[in-house]
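Worksheet: one structure, shown below.
The values are calculated or read from the model by the stated rules, or taken from the named source; none is laboratory data. Only a predicted model underlies this, so the values are computations on that prediction, with no experimental measurement involved. Here the Cβ is made from the backbone with ideal geometry for all residues, glycine too, and neighbour counts use every protein chain on show.
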Amino acid sequence: MSQASKSDPGPQAGRGSACGGVLSGDLGWALGVVFRAYVAAASAAFADLPGGPRGYQVLAAATRSEPGSQLELAQHLGIDRTVMTYLLDDLERAGLIERRPDPADRRARRIVATPPGRDLLDVLDRRLRAAEHQVLAGLGKEADRLAFRALLRQIATHADALHPARGAACAVSAG
């Protein structure tokens with residue numbers, strides 16, 4: 001790889017963007033564009049789910065991990081506990097999760113996905129994969145998309161380790 005190609009974002013960078021490529025080398029701009037595209041695609045994929053993308057995160061955590069308490073789940077996902085209460089109320093009303101007493105602490109409630117919640121999660125997972133494919137379509141080769149995911153996961157884990165109180169890195173999926 002030549003020195004020019006290491007710093008040059010390439011002929012495709014910025015093409016068709018509103019800024020005409022002026023900001024193509026700016027990491028913040030690029031992250032913002034990708035983030036906004038991802039949020040829009042994910043929000044559309046979860047439009048009919050109570051809580052949208054956050055509802056998906058709660059449902060996925062309740063399905064794929066050992067049931068945790070409501071407070072642990074809120075901390076794990078970085079959701080204010082009051083907001084989490086309303087979100088869980090909505091998901092419970094929809095029949096997607098249940099709050100069960102914690103056998104070790106009767107004051108705590110464990111969050112568990114219901115069978116309809118697990119079935120819906122399968123549908124939502126397929127929608128999310130399609131949305132992610134749309135966002136990553138600019139990386140033409142599957143190998144490039146996989147490499148991007150791996151590098152992003154690595155950066156996210158490192159960035160999260162700088163702020164260990166948040167503890168969100170463990171929520172990053174391997175998908």
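So G51 fits all but one of (1) surrounded by 15 or more Cβ atoms within 10 Å (Cβ to Cβ); (2) in contact (Cβ under 8 Å) with a residue 60 or more places away in the chain; what number is the exception? Only one criterion is unmet by G51, namely (2). Of all residues in the range 120-149, those that are of a type outside the set (A, V, I, L, M) have Cβ atoms under 6 Å from Cβ atoms of residues that are surrounded by 14 or more Cβ atoms within 10 Å (Cβ to Cβ), 6 or more apart or on another chain, in R127/A45; Q134/A41; R145/L136; R145/L139; F148/L139. Here G32 clears all of (1) outside the structural domain of R129 (by TED's automatic domain parsing); (2) over 26 Å from R145 (Cβ atoms); (3) not aliphatic (A, V, I, L, M) except the condition numbered (2). Considering the range 23-71, and only residues there that are more than 18 Å from the chain's Cα centre (by Cα) and within 20 Å of D90 (Cβ to Cβ), the residue that is modelled with the lowest pLDDT turns out to be P67. Pick from the range 98-116 the residues that are at pLDDT 95 or above and touching a Gly at 6+ places or on another chain (Cβ under 7 Å): which of them is nearest to A40 (Cα to Cα)? Among those that are at pLDDT 95 or above and touching a Gly at 6+ places or on another chain (Cβ under 7 Å), it is P116.
Can R127 be described as at pLDDT 95 or above and either among the acidic types (D, E) or surrounded by 11 or more Cβ atoms within 10 Å (Cβ to Cβ) (or both)? The answer is yes for R127. Taking residues in the range 91-112 that are crowded, with 17+ Cβ neighbours inside 10 Å, and partners anywhere that are acidic (D, E), the pairs with Cβ atoms closer than 6 Å and at least 6 places apart or on different chains are R110/D102.
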